[in-house]
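The values are calculated or read from the model by the stated rules, or taken from the named source; none is laboratory data. Everything numeric in this text was worked out from a predicted model, so none of it was measured. Cβ: placed from backbone, ideal geometry, glycine included. Neighbour counts: every protein chain shown.
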């Protein structure tokens with residue numbers, strides 16, 4: 001399954017992103033472009049944009065659940081076609097959220113992680129399960145470890161916890 005994240009929206013004022021449909025599952029993707037933060041304020045701003053993406057995804061899913069005729073027309077489906085699950089997703093490019101969003105109502109995933117998960121299945125329903133289970137998080141955790149870091153200033157040494165990550169080259 002190939003996925004293009006650069007599509008025009010549909011619906012009133014093009015506010016509903018173009019949905020992806022396979023068998024009876026519809027995936028609605030909100031795409032957010034984030035700038036890696038240099039300051040705390042920028043981190044908070046990225047979280048606000050991701051939270052806005054979650055809200056937009058939920059509203060888009062609700063609109064499509066209440067307007068199956070509209071959805072089937074836009075997807076070029078027969079009006080007799082079954083519409084099963086309609087799931088939302090926020091895909092972000094640039095960086096992850098800070099983790100302070102808690103457990104959002106729709107998955108939030110980085111674009112590169114999303115593309116990797118797409119390669120693992122050709123079934124949107126299974127992809128939705130992968131987006132919830134996030135096996136890529138387990139893989140990332142396996143490549144990282146806590147590591148001490150010391151900073152010496154004059155006669156003092158400050159010890160800080162840090163995270164070491166083995167990167168694939």
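Laid out as a table, the results:
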quantity	calculated
Filter result (surrounded by 12 or more Cβ atoms within 10 Å (Cβ to Cβ) and assigned to a helix (DSSP H, G or I)) within the range 62-87	62, 63, 64, 65, 68, 70, 71, 72, 73, 74, 75
Residue that is within 27 Å of residue 47 (Cβ to Cβ) and free of Cβ contacts under 8 Å to residues at least 40 places away in the same chain, where the choices are 103, 80	103
Candidate set from the range 20-36 (those that are assigned to a strand (DSSP E or B) and in contact with a helix residue (DSSP H, G or I) (Cβ under 6 Å, 6 or more places away or on another chain)); member that is nearest to residue 96 (Cα to Cα)	32
Residue match in the range 37-47 (condition: in contact (Cβ under 8 Å) with a residue 24 or more places away in the chain and either in contact with a helix residue (DSSP H, G or I) (Cβ under 9 Å, 6 or more places away or on another chain) or closer than 20 Å to residue 128 by Cα (or both))	yes
Within the range 117-126, considering residues that are under 13 Å from residue 24 (Cα atoms) and part of a helix (DSSP H, G or I), the one modelled with the highest pLDDT	126
Evaluation of residue 90 against (1) at pLDDT below 90; (2) outside any helix (DSSP H, G or I); (3) in contact with a strand residue (DSSP E or B) (Cβ under 8 Å, 6 or more places away or on another chain) (one fails), failing number	(1)
Flag if residue 109 is surrounded by 11 or more Cβ atoms within 10 Å (Cβ to Cβ) and part of a strand (DSSP E or B)	yes
Residue check, residue 52 without any contact (Cβ under 8 Å) to a residue 40 or more places away in the chain, closer than 20 Å to residue 35 by Cα, in a helix (DSSP H, G or I) and under 17 Å from the mean Cα position of the chain (by Cα)	yes
